[in-house]
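Quick notes on the structure that follows.
The values are calculated or read from the model by the stated rules, or taken from the named source; none is laboratory data. Everything numeric here is computed off the predicted structure, so don't read it as measured data. A quick note on method: Cβ atoms are made from the backbone with ideal geometry, for glycine too, and the neighbour counts reach across all protein chains shown. Calculation scope for accessible area: heavy atoms of the full protein, side chains included, ligands and nucleic acids excluded. Shrake-Rupley method; radii C 1.70, N 1.55, O 1.52, S 1.80 Å.
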Amino acid sequence: MIKVAFFDTHVYDKNAFEKYNDNTEISIDFYETKLNKNTVDLARNHDAVCVFVNDTLDKEVIDKLYENGVKMIALRCAGYNNVDLKRAFGKLHVLHVPAYSPYAVAEHAMALLLTSTRRIHKAYIRTKDFNFSLDGLTGFNLHSKTVGVVGTGKIGRIFIDICNGFGMNVIAYDKYPIPNSDINYVSLDELFKESDIISLHCPLTDETKHMINEESINKMKKGVVIINTSRGALVDALALLNGIKDRKVGAACLDVYEEEGDVFFKDYSGHIIDDDLLARLISMPNVIVTSHQAFLTNEALDNIASTTISNIKSFFNDNKSSVNELCYRCGKTDTCMKKRQEKCF
């Protein structure tokens, strides 16, 4: 029996995973707490841990997991910026879910944009009070507006398709453009300067951290709308707040936030939030914040659960390959000859 310690558990997680696990091969212990240096000992006597975006898998946690006999980290997400892959190499195999529902995230990005530009959230609150005035609810058409899409992976391309359906002018930036595509690629500087709306769909790396900062905001059009459904640290939150206060940024639609780990996925409605920056952003009338829910559809949860269960089973039952394994050497042909045809070590 493969024993798995499941961290940061929510009701929707448990329901999805119990649906796909028949309990004949895998035994799952569900923990509500996040994985970090203070909770890592809960993984003792387990073969694997199953974690999400705000669990901490740094050097200290990875070493402790290895000492406790854990062999595998099963990420139930695509992103892995919270994992020290270099430290994990030779100790713990790391597998992820590369694509669970790109449509869910792309559609959420457009939902945020429409909600913001047409003031739907304000109208909803207003009519609940039987206030049917239209004052202050004037929006703008998306048709013919220029949208800059940063990152043209699966999610970015689906978002582009949605924008094309609205008759928008789409420009895009990607460090690795798709060859022979009909995507109109431009430089990042040109994207910042020409876009009425900017939507981020790229991974968080050392290179992309704080790509939205004071300098890049200064290059943007007055009134630009910024959407982030990728990773919080792509945006320097303080620079964004200052851009909003200076009336440079017309609106911000955020499903992620750099310091979300201590706040998101919890109910703080009866408490005082210690994060002053987040509180100030939420207080702005032209900012919409959702709590990392872009992925949260029935279809995505099903795909996450089925792929993660499959990853765990295939890892422990197949000594040759793990198609969804991550390694800090992946893509570097000069140092890695495995090419995902074999386990990394």
Checklist outcome for this item: Counting only DSSP beta bridges fully inside the chain, the antiparallel percentage to nearest 5 is 5
Checklist entry - Got a number for the accessible area of VAL235? Probe 1.4 Å, square angstrom, nearest 10. => result 10
Checklist outcome for this item: Here FRET efficiency (C-beta to C-beta, VAL186 to LEU238, R₀ 30 Å, nearest 0.05) is 0.65
Checklist entry - Which of these, GLY139, GLY223, GLY151, has the largest mean-square fluctuation under a Gaussian network model of the chain (Cα springs below 10 Å)? => result GLY139
Checklist entry - How much of the accessible area of the chain, in percent, comes from carbon and sulfur atoms when a 1.4 Å probe is used? => result 48
Next on the checklist: Could you tell me the calculated FRET efficiency between ASP206 and ASN15, based on Cβ-Cβ distance and R0 = 30 angstrom, to the nearest 0.05?
Outcome noted: 0.25
Item to check | Loop-exposed GluC sites (Glu not before Pro) per DSSP, neighbour cap 15 Cβ within 10 angstrom, longest uninterrupted part of the chain | outcome: 33-206
Next on the checklist: Going by Cα centres, segment 97-117 and segment 175-207 are how many Å apart?
Outcome noted: 17
Item to check | Estimated distance in nm for a label pair at GLU67 and GLN293, the labels positioned 7 Å out from Cα along Cα-to-Cβ | outcome: 4.0
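Pairs LYS64/LYS266; LYS37/LYS154; LYS59/LYS154; LYS175/LYS248; LYS313/LYS343: which exceed 23 Å Cα-Cα? Please list the in-between numbers first.
Working: LYS64/LYS266 27 Å; LYS37/LYS154 34 Å; LYS59/LYS154 31 Å; LYS175/LYS248 26 Å; LYS313/LYS343 14 Å.
Result: LYS64/LYS266; LYS37/LYS154; LYS59/LYS154; LYS175/LYS248 exceed 23 Å.
How much of the DSSP beta bridge set in segment 220-303 is antiparallel, as a percent to the nearest 5? Before the final figure, lay out the partial values.
Values: 0 of 8 bridges.
Rounded to the nearest five, the antiparallel share is 0 percent.
Please work out the average accessible area per residue across the chain, using the 1.4 Å probe convention, and give it in Å². Provide the component values of the computation, followed by the final result.
Working: 17310 Å² over 345 residues.
Ligands and nucleic acids excluded, the result is 50 Å² per residue.
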Checklist entry - Measuring from the lowest to the highest alpha carbon on each principal axis, how far does segment 264-310 reach, largest first, in angstroms? => result 42, 23, 16
Item to check | Unit charges on C-beta of K, R, D, E only; dipole of the chain, Debye | outcome: 540
Checklist entry - Just ILE304, ILE272, ILE212 to compare: in a GNM of the chain, with alpha carbon springs under 10 Å, which one fluctuates most? => result ILE272
Next on the checklist: Test of understanding: extend the Cα→C-beta vector of PHE166 to 7 Å, then name every residue of segment 216-231 with backbone N under 13 Å from that spot.
Outcome noted: 225-228
Checklist entry - Which distance in Å, rounded to a whole number, links the C-alpha centroids of segment 225-285 and segment 54-81? => result 27
Next on the checklist: Which residue fluctuates most in the GNM of the chain (Cα springs below 10 Å): ASN45, ASN317, ASN213?
Outcome noted: ASN317
Next on the checklist: Run lengths n ≥ 4 of DSSP H only: what is the helix-derived mean residue ellipticity at 222 nm for the chain, with -39500 (n - 2.57) per run over all residues, to the nearest 500?
Outcome noted: -9500 deg cm²/dmol
